[in-house]
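Undergrad: Okay, handing you the structure first.
Read-outs: derived from the displayed coordinates by stated rules, not from any lab. Computed from a prediction, not measured in an experiment: that's the story for all the values here.
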Amino acid sequence: MTVKRRILVVDDDVDFVAANKALLEASDYDVMTAHDGNEALSLAQAHRPDLILLDVMMKTDTEGFEVSRKIREIPDIKRIPVILLTGIRRTMNLPFKFEPDEEWLPVSRILEKPVQPEKMLAVIKEALA
């Protein structure tokens, strides 16, 4: 029997979470969900998922950025790959892209919303390899 990899999906958009949970479960992942950064940090520490999909704009416009940095400060979860999912560039009409950075944005990858399901699954598979 193969153990399913566990993914924590963090987003305040309930429909987005439900759709991605269904997609990931159909792709044979075990999925947990959170709707804000505090809930995400608690679940990550309690259950140590194999990967975290993290939105940026939740309670605040930058909550996901802050959570990604907090994850790296907690010894038990700091090595969990984090994929940032964001629509902040489009929403705020920003002329630049975000890139992973060890200090400011310590994530494995950044995907711009909307993300094609096939692309997200490929990036998740790559991050878990």
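Undergrad: Classify the range 6-128 as rounded, prolate or oblate from the Cα gyration tensor: take a ≥ b ≥ c as the square roots of its eigenvalues, call it rounded if a/c is under 1.5, otherwise prolate when a/b beats b/c and oblate if not.
TA: rounded
Undergrad: For the chain, what relative contact order do you get, as a whole percent, if you take Cα pairs closer than 8 Å and at least 6 residues apart?
TA: Reported as a whole number, the value is 21 percent.
Undergrad: Divide by every residue of the chain the summed helix terms, -39500 (n - 2.57) for each DSSP H run of at least 4, and state the resulting mean residue ellipticity at 222 nm, rounded to the nearest 500 deg cm²/dmol.
TA: Calculated at 222 nm, the ellipticity per residue is -12000 deg cm²/dmol.
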